[in-house]
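Report on the structure given below.
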Amino acid sequence: MKQLLNSPGHPFTEWLEAVFSNPAVVSDDLIHSVNNLCTPFMLTTNYDDLLYSRSRLKTKKVLDWSEQQETARAIQKNTELILHIHGVYEKPETIILSEDDYTMLSGAAGYKANLQKLWTNYHFLFIGCSKDGVMDEDFSTIFK
């Protein structure tokens with residue numbers, strides 16, 4: 001898909017914008033409930049911004065996997081954080097979608113160190129995630 005749509009350029013950016021920028025939301029209740037449950041750290045593989053754009057409180061720092069030093073500081077300081085571990089649509093260069101992307105991500109030492117620290121020191125509740133989602137290539141390297 002990325003190669004076909006000339007990632008990270010056009011038309012890839014337009015496709016991401018069309019799919020993720022304005023999702024139809026009937027009720028914000030579930031989003032608010034998730035935000036109320038998960039402090040201080042929320043990790044998402046979603047590319048959209050629903051967790052913070054629909055939040056009543058804008059207290060969480062929002063980062064993506066490429067912001068490794070900022071993420072490490074947020075973890076160290078226990079700062080409320082939403083971490084997009086597979087990128088965010090507004091930054092097409094951060095989107096993790098292909099096998100090549102996973103290979104590149106597996107070589108990002110700072111990112112892996114941050115995930116390792118989170119997985120080792122905190123509990124996580126997986127919401128809306130299938131068994132295949134939990135066995136995502138990115139997670140499985142940490143679990144091993």
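The values are calculated or read from the model by the stated rules, or taken from the named source; none is laboratory data. Being a predicted model, the structure only gives us computed values, none of them experimental. Cβ atoms come from the backbone with ideal geometry, glycine included; neighbour counts cover every protein chain shown. Only protein heavy atoms, including side chains, enter the accessible area calculation; ligands, DNA and RNA are left aside. Shrake-Rupley method; radii C 1.70, N 1.55, O 1.52, S 1.80 Å.
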From the set of residues in segment 89-106 that are part of a loop (DSSP other than H, G, I, E, B) and of a type in the set (A, V, I, L, M, F, W, C), which is farthest from the chain's Cα centre (by Cα)? 97
I want to confirm something. Restricting to segment 86-110 and keeping residues that are without any contact (Cβ under 8 Å) to a residue 40 or more places away in the chain and within 21 Å of residue 69 (Cβ to Cβ), which single residue is surrounded by the most Cβ atoms within 10 Å (Cβ to Cβ)? 94
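Suppose we filter 64, 101, 49, 28 for residues that are among the charged types (D, E, K, R) and within 17 Å of residue 118 (Cα to Cα); which single one remains?
Numbers: 101 fails: within 17 Å of residue 118 (Cα to Cα); 49 fails: within 17 Å of residue 118 (Cα to Cα); 28 fails: within 17 Å of residue 118 (Cα to Cα).
After ruling out the rest, the residue left standing is 64.
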Which listed residue, of 64, 29, 49, is open to solvent by 30 Å² or more (accessible area, probe 1.4 Å) and either of a type in the set (D, E, K, R) or touching a residue at least 40 places away in the same chain (Cβ under 8 Å) (or both): 29
